[in-house]
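Engineer: Sending over a structure as structure tokens; questions will come in a sec.
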Amino acid sequence: MADQVDTSQIDVDALTQAQAEAELARLAERLGTANTAYHAEDAPVMPDAEYDALKRRNAAIEARFTDLKRADSPTEQVGAAPASGFGKVTHAVSMLSLANAFTDEDVREFDTSVRKYLGLGADDPLAYTAEPKIDGLSLSLRYEGGHLVQAATRGDGSVGENVTANARTIEDIPEEIAGAPEVLEVRGEVYMSHADFAALNTRQEERGGKTFANPRNAAAGSLRQLDPEITRARPLKFFAYAWGDVSAPLADTQAGAIQRLADFGFSVNPLTRRCDGPDEMTAHYAKIESQRATLGYDIDGVVYKVDDLALQKRLGFRSTTPRWATAHKFPAELAWTRLESIDIQVGRTGALSPVARLTPVTVGGVVVSNATLHNEDYIQGRDSKGQQIRDGKDIRVGDWVQVYRAGDVIPKIADVDLSKRPDDATAFEFPHSCPECGSDAVREPGDAVRRCTGGLICPAQAVEKLKHLVSRAAFDIDGLGAKQVEQFYADGWIAEPADIFTLQDRYGSGVQQLKNREGWGDKSAKALFAAIEDKRSIPLARLIFGLGIRHVGEAASGLIARHYGSWDALSTAMEEARDCEGPAWDDLVGIDGMGSVMAGSLVGTFAQPAERASIDRLVDQLTVQEAVQADTSTSPVAGKTVVFTGTLEKMTRAEAKARAERLGAKVSGSVSAKTDLLVAGPGAGSKAKKAAELGIETLDEDGWLALIGTA
Ligand code: IVH
């Protein structure tokens, strides 16, 4: 837990390499949790503005420290896996998310980046559409021969939930449409109006049913009912704003396509406008913002899309967002409240994190009672460079503090009102020993975070490690969640990962012991032991992730697993790379997506005798499934290292690079013996010469396009 808040206050520009890495890890974890809560459970754990702020900060750090980008980067994730209970639908065309802009300046940058990618000059005409960003949940409606055949939620972007029966109950969604292409997926937002939301909550209250926190949750909860008759009784609405799979193009422009959707009988948003550049876009944003309070439904920003669909196609997508669109979000909010206490949490990797406990306060409709205090410097009114923040005002228990829900990272304490400081308030003393195990807590030079040195003897670290091990992306043991791990740890049943797998044996028949505990019966005890047995055979990637090694996230674990294939190969390599040099080390840091910090953390963990012994005890209990190499047979350039040089005439360098990477190629800036292919346009110089010397295959732009086809 504690790793969440360590570095979060430091400005992106001020982060050291190590801090940036810690911060990216923290952000990945926070955003992952928030995603699941929002998309899979309809129970958001943070306001949207905070989520956006975290994502924005993550992107800014990744932009500054490009080689620290995590393999499980939140930039690469959309939504969360579908909830159970509904059938699954694999989207023919992925349902993506949108990149965000927060200021007019960001909007101009968006325009600049689009122009740059397309190779357009600043004065070349380039039109966009601007429309409200509806705060509901997205839905994809598939029509075949004009009949509605399927409706699916976004899910994780590639697989959603089949909610066809429910969608059919929504009045705005036509069953039949005339004049449409044979196959047409209409995409848009299901939402609930303010009036309908208030009436629904009143009805629910009267019946003693569940009330909803906001219209978005109400819409999501209503659409995702297993009984469509419940959905029918809920007043849901739908705005169409996009499309997925289509057998014939709808139009040449975004505006034209939206008009076609309107012609088919869909509601489209009346505030959609065509704009001739950033000035008109931000003017329309201001207009929409001024009408926000009286629209009668929630919107959380304005979406801009490149109008010309041929250009949209050229711009294409990053991993989870289109290059041709962005969401200009409305700004966040502030509130004042009392700081009641400061708690120190200790995380899986020993970081001590101060957390502010606040008198609960509503900030923009969301109740906030905890905020991060980041680290000891932050509490004292300094940043990591020793510069003053908040004019040097420190934060004391009893202070009247300002809570901020957007910007860098939130909720955070933005300010202190010294005029309201109680007379007896004293400066906060940050502990120099771990509050959980008493070990020294030390701060390495250059690190903003103080860490417990207790390692495996620190109960907080041990428990957090165990919780991580059983978590969904790791061993995912049914019936063994954070709560049970805490209980078992407290009672001495489980002290380290291996103990989970010896639990049943150590207690004779573990079932007999367990079923006598509060909250457990014969059935649940048997189920738990069966679930543990079930995970005794574990894929290598899940094992690696489950070890909870600092900086090694879920996607990175996958990369490592695919690279080494087996546990034996991995542990041998870790031995050989332990000095962070030599061929095994070079091989490790050469894994695409691996940074030297991540590699150092991995090797360091294996080199630490107590850690290593604990890992070995765990692995002794397991059958580790070998990882399969990724299938790269479909792309002609998958796995190849490609270099572009000279002038490309049919696309910009960025566009060429993105397309090559999409096909699994690695694009490098310089020619070496590792280069497989050089694509040389007119004006190619020394790189072409070097490639010729090395006997590297060279193609011109047309040859390259012929090789990769229209992919
Ligand atoms: S366009 C390829 N337009 O915002 C992206 N999305 O943050 C297509 N949303 O998943 C999305 N209003 O659920 C688009 N006018 C609008 C929107 C909109 C709301 C939602 C949508 C999307 C999310 C992205």
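Engineer: By how many nm would the segment from D505 to T453 lengthen if fully extended, with 0.36 nm per residue of separation less the alpha-carbon distance?
Structural biologist: Working: separation 52, 0.36 × 52 = 18.72 nm, distance 3.24 nm.
15.5 nm is the gain from fully extending D505 to T453.
Engineer: Under 22 Å Cα to Cα from K393, which lysines show up? Leave out anything in the same chain fewer than 8 places away.
Structural biologist: Leaving aside lysines fewer than 8 places away in the same chain, those within reach of K393 are K385, K412, K420.
Engineer: Right, here's the next one. For the range 256-407, how big is Rg over Rh, using alpha carbon atoms and the Kirkwood form of Rh?
Structural biologist: Rg/Rh for the range 256-407 comes to 1.13.
Engineer: Evaluated at 10 °C with a viscosity of 1.306 mPa s, what Stokes-Einstein diffusion coefficient in µm²/s does the range 427-585 have when Rh comes from the Kirkwood expression over alpha-carbon pairs?
Structural biologist: Rounded, D is 89 µm²/s.
Engineer: Also, quick follow-up: Give, to the nearest whole percent, the P(r) tail of the chain beyond 48 angstrom, counting all Cα pairs.
Structural biologist: Working: 54678 of 252405 pairs.
Result: 22 percent of Cα pairs exceed 48 Å.
Engineer: What are the semi-axes of the equivalent ellipsoid for the range 523-633, taken as the square roots of 5 times the Cα gyration tensor eigenvalues, largest first, in whole Å? Provide the component values of the computation, followed by the final result.
Structural biologist: Details: eigenvalues 138, 57, 27 Å².
Equivalent ellipsoid of the range 523-633: 26, 17, 12 Å, largest first.
Engineer: What net charge do the residues around A561 carry, taking every other residue with its C-beta under 10 Å from that of A561, with Lys and Arg at +1 and Asp and Glu at -1? Intermediate results must be reported in sequence, preceding the final value.
Structural biologist: Working: positive: R542, R562; negative: E626.
With Lys, Arg at +1 and Asp, Glu at -1, the neighbours total +1.
Engineer: With a point put 7 Å past each Cα toward its Cβ, work out how far S670 is from V367 in nm, to one decimal.
Structural biologist: Roughly 5.9 nm, to one decimal.
Engineer: Leaving out ligands, DNA and RNA, what percent of the accessible area of the range 82-213 is carbon and sulfur, probe 1.4 Å? Please report the intermediate quantities before stating the final value.
Structural biologist: Details: 2720 of 5740 Å².
Summing carbon and sulfur atoms, their accessible area is 47 percent of the total for the range 82-213.
Engineer: Which distance in nm do the two modelled labels at T572 and V149 give, with both placed 7 Å along the Cα-to-Cβ direction?
Structural biologist: 5.2
Engineer: May I pose another question? Of the DSSP beta bridges with both residues in the chain, give the percent that are antiparallel, rounding to the nearest 5. Walk me through the numbers before you get to the answer.
Structural biologist: Values: 70 of 86 bridges.
Percent antiparallel among DSSP bridges in the chain is about 80.
Engineer: Which whole-number value in Å² is the accessible area per residue of the range 589-711, probe 1.4 Å?
Structural biologist: Values: 6340 Å² over 123 residues.
Each residue of the range 589-711 exposes 52 Å² on average to a 1.4 Å probe.
Engineer: Whole-Hz ³J(HN,Hα) for each residue in the range 244-260, computed from phi via Karplus 6.51 cos²θ - 1.76 cosθ + 1.60 with θ = phi - 60°, x for glycine and proline: what do you get?
Structural biologist: x, 5, 9, 7, 8, x, 7, 5, 8, 10, 4, 4, x, 5, 5, 4, 4
Engineer: How far apart, in nanometres, would the label points at K523 and V442 be if each is projected 7 angstrom from Cα along the Cα-to-Cβ direction?
Structural biologist: 5.3
Engineer: Right, another one. Can you give the percent of C-alpha pairs in the range 571-711 whose distance is more than 17 Å? Before the final figure, lay out the partial values.
Structural biologist: Numbers: 6794 of 9870 pairs.
In whole percent, the share of Cα-Cα pairs in the range 571-711 beyond 17 Å is 69.
Engineer: Multiply the residue gap between V45 and K88 by 0.36 nm, knock off their C-alpha separation, and tell me the result in nm, one decimal place.
Structural biologist: Difference between extended and current length: 13.0 nm.
Engineer: For A283 and T359, what does the FRET efficiency come to when R0 = 41 Å and r is the distance between their Cβ atoms, rounded to the nearest 0.05?
Structural biologist: Working: r = 41 Å, r/R0 = 0.99.
Calculated transfer efficiency: 0.50.
Engineer: For E626 and D252, calculate 0.36 nm times their separation in residues minus their Cα-Cα distance, and state this gained length in nm to one decimal.
Structural biologist: Numbers: separation 374, 0.36 × 374 = 134.64 nm, distance 4.88 nm.
Roughly 129.8 nm would be gained on extension.
Engineer: Also: Per DSSP helix of 4 or more residues, -39500 (n - 2.57); summed, then divided by the residues of the chain. What does that give at 222 nm, rounded to the nearest 500? Don't skip to the answer; put the middle values down first.
Structural biologist: Values: 25 runs with 255 residues, N = 711.
So the calculated ellipticity at 222 nm is -10500 deg cm²/dmol.
Engineer: Could you pull out every Cys in the chain that lacks a partner Cys with its beta carbon under 4.7 Å away?
Structural biologist: C275, C580
Engineer: Rounded to two decimal places and with Rh computed the Kirkwood way over Cα pairs, what is Rg over Rh for the range 88-209? Each step should come with its number before you reach the end.
Structural biologist: On the way: Rg = 19.2 Å, Rh = 17.7 Å.
Checking Rg against Rh, the ratio lands at 1.08.
Engineer: With charges only on Cβ, +1 for K and R and -1 for D and E, what is the dipole size of the chain about its Cα centre, in debye, rounded to 20? Could the numbers behind the result be given before it?
Structural biologist: On the way: 79 positive and 105 negative charges, 102 e Å.
My answer is approximately 480 debye.
Engineer: Using the structure shown, select from K666/K689; K69/K687; K133/K305; K313/K650 the pairs with a Cα to Cα distance greater than 18 angstrom. Could the numbers behind the result be given before it?
Structural biologist: Values: K666/K689 21 Å; K69/K687 28 Å; K133/K305 12 Å; K313/K650 14 Å.
Long pairs (Cα-Cα over 18 Å): K666/K689; K69/K687.
Engineer: Of all the accessible heavy-atom surface of the range 519-608, with the other protein chains kept in place and a 1.4 Å probe, what percent is carbon and sulfur? Kindly include the intermediate steps, with their values, before the conclusion.
Structural biologist: Numbers: 1820 of 3660 Å².
After summing per-atom areas, the C and S share lands at 50 percent.
Engineer: Please work out the Kirkwood hydrodynamic radius for the range 322-401, using every pair of different C-alpha atoms, and report it in angstroms with one decimal place.
Structural biologist: Details: mean 1/r = 0.0680 Å⁻¹.
By the Kirkwood definition, the hydrodynamic radius is 14.7 Å.
Engineer: Using the beta-carbon distance between A262 and D579 and R0 = 51 Å, what value does 1/(1 + (r/R0)^6) give for FRET efficiency, to the nearest 0.05?
Structural biologist: Working: r = 66 Å, r/R0 = 1.30.
Computed FRET efficiency for A262 and D579: 0.15.
The values are calculated or read from the model by the stated rules, or taken from the named source; none is laboratory data. All values derive from a computational prediction rather than experimental measurement. Cβ coordinates were reconstructed from backbone atoms using ideal geometry, including for glycine residues, and neighbour counts include every protein chain displayed. Quick note on the areas: whole protein, heavy atoms, side chains included, nothing else; ligands and nucleic acids left out. Shrake-Rupley method; radii C 1.70, N 1.55, O 1.52, S 1.80 Å.
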